[in-house]
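Notes follow once the structure below has been shown.
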Amino acid sequence: MTASFSPAWALVVLLAAVGSVSLASASASVADAAVGADVPHRVSLGCAGAADIAIEQGPGTTLPSGIPSYTVDIINRCSGAGRRADCAISGIHVRCGWFSSVTLVEPTKFRRVAPDDCLVNDGKPLLADDTISFEYANSFAYKLSVAKASCVHPAADTSD
């Protein structure tokens, strides 16, 4: 009997083989999608706050000292029927452990404000389809996940 795999499972196996994701986390995402569970990259109208923020992290260039670096993209995936202002998300806080970097990360983009609490974009709104990108260097990658974020009008005062 020959086993057959869906294209999604083939992608999971490929990504796990090259080390981009863990097999457990990727297969859980595919399984959730297969049974219709909520997935983080939904397509609907209007702002959903933290559910609309995606964090993608991958390997960067190794420093001359041998310390690995990691690239991070924090993306507002909200779809506001063509109106970017309907999908402004501010006060984005990320669970980040004791985040630190051997190289400077621009603090207006991403900074640790407390243990396991990092602030994105100085707390200011990230419009639909906007991305904040940065690179950090450390002996290991930090597990980053969205803790909270709020839908706002982009002109609103978002001081945190």
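Read the figures in this text as sums done on the coordinates, not as results from a lab. Since the structure is predicted, the reported quantities are computational estimates derived from the model, not experimental observations. As a convention, Cβ positions derive from the backbone with ideal geometry for all residues, glycine included, and neighbour counts pool all protein chains shown.
Straight-line reach from K124: taking Cα to Cα under 21 Å and skipping same-chain neighbours fewer than 8 places apart, the lysines in range are K109, K148. Sorting the segments 147-153, 73-79 by their mean number of nearby beta carbons within 10 angstrom, highest to lowest, gives 73-79, 147-153.
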